1. Restrict the search to the stretch 63-161; then list the GluC sites (Glu not before Pro) that DSSP places in a loop and that have at most 16 other Cβ atoms within 10 Å of their Cβ.
2. Mind checking which of Tyr149, Gly212, Asn186 is farthest towards the positive end of the chain's charge dipole, using Cβ charges of +1 (Lys, Arg) and -1 (Asp, Glu) about the Cα centre?
3. Cut-off under 26 Å on the C-alpha distance; same-chain residues fewer than 8 positions from Lys89 excluded. Which lysines are left, in chain and number order?
4. Just to check I understand the Karplus step: with θ = phi - 60° and J = 6.51 cos²θ - 1.76 cosθ + 1.60, what whole-Hz values come out for the stretch 127-137, glycine and proline as x?
5. Averaged per residue, what accessible surface does the chain expose to a 1.4 Å probe, in Å²?
6. Based on DSSP loop calls and a cut-off of at most 16 other Cβ atoms within 10 Å, the longest stretch of the chain free of exposed chymotrypsin sites (Phe, Trp or Tyr not before Pro) is what?
7. Can you give the Rg to Rh ratio of the stretch 123-208, both from alpha-carbon atoms, with Rh computed by the Kirkwood formula?
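The values are calculated or read from the model by the stated rules, or taken from the named source; none is laboratory data. The structure presented is a predicted model; accordingly, all values stated were derived computationally and were not measured. Cβ sites come from the backbone with ideal geometry, for glycine too, and all protein chains shown count toward neighbours. Accessible surface is based on the protein model in full, side chains and every heavy atom, while ligands, DNA and RNA are left aside. Shrake-Rupley method; radii C 1.70, N 1.55, O 1.52, S 1.80 Å.
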Amino acid sequence: MKLFTQSCLLVASFILLFISCTVQDHLQPSTSNCLLVKVSEQYQVLDGSNPEEILEIEGQKIPIKTTSSLFYKYDQQGRMIEQYDDRHKFTFLYEYLPNAVKWTSIPDPDVPYSMSATNIFNLDSQGFFSSALSKFDSEGYQIYYSDAYLWHLYKTIMDGNVTKSVRTESGTEQTYEYEYDLTQLNKIPNPNPIFDGKGNRNLLIKEKFNIGKSSGTGYSSITDYKYVYDQNGQIKNRVGFRKLYNSANELTSTDLVITGYKITCP
């Protein structure tokens, strides 16, 4: 189920692109009717090959390419009816029934040893797919998710934002802490609230990550996020400037975590 529920964590791990300007320099259009039609995992080109695009961030030019993308289609009510994952070459279809969603996965013809699958997920009184593996609070935020009990993800919500998440697996605990610009609303639409719950209220600006293992080894990172906007004031890219530290809290490397977005507003 993780394939269809967590798209941007491509979202726990996806992120970013840019042109130098601050949030305050841009239009702030309403996103209540806006839809996310594409999200892309991207990277900085360092081998001298031709980039797809060159970003300018705070005076720095960053050549980028796309690794993979998720594409979304919606019905007239703004509900997602199709998702295509070009990395794994799968299409996911959603059909809305009374108090339930019919979900179908279809592999591309060239995907070996894969078959189509269909399932029906009953929705709770809030309209979410709630189960022993996915739980929501009274406001509609997901607070727990588990991948068939192999690992568990616990989320802490404050003022409409996920401020902390902890993922536990045998011998390993991963902790994420998040900071937001409380003066700015989150303008990245959530394509699949039925399975993911409400999106964050505000704009993410920092992520602190730490992984510890039972062996005593681990590492951590701190990522600061910047945003680039299109001519309509919608977020076009998010760029994470990440610093990586070893178990002794010594800086070992830096890199960029880049996500591209295509958002449309009727």
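1. Glu139
2. Tyr149
3. Lys2, Lys38, Lys65, Lys73, Lys102, Lys236, Lys262
4. Per residue, the Karplus-derived 3J(HN,Hα) values read x, 10, 7, 9, 7, 5, 9, 8, 10, 10, 7 Hz.
5. Counting only protein heavy atoms, the per-residue value for the chain is 54 Å².
6. 152-266
7. Looking at the stretch 123-208, the ratio lands at 0.98.
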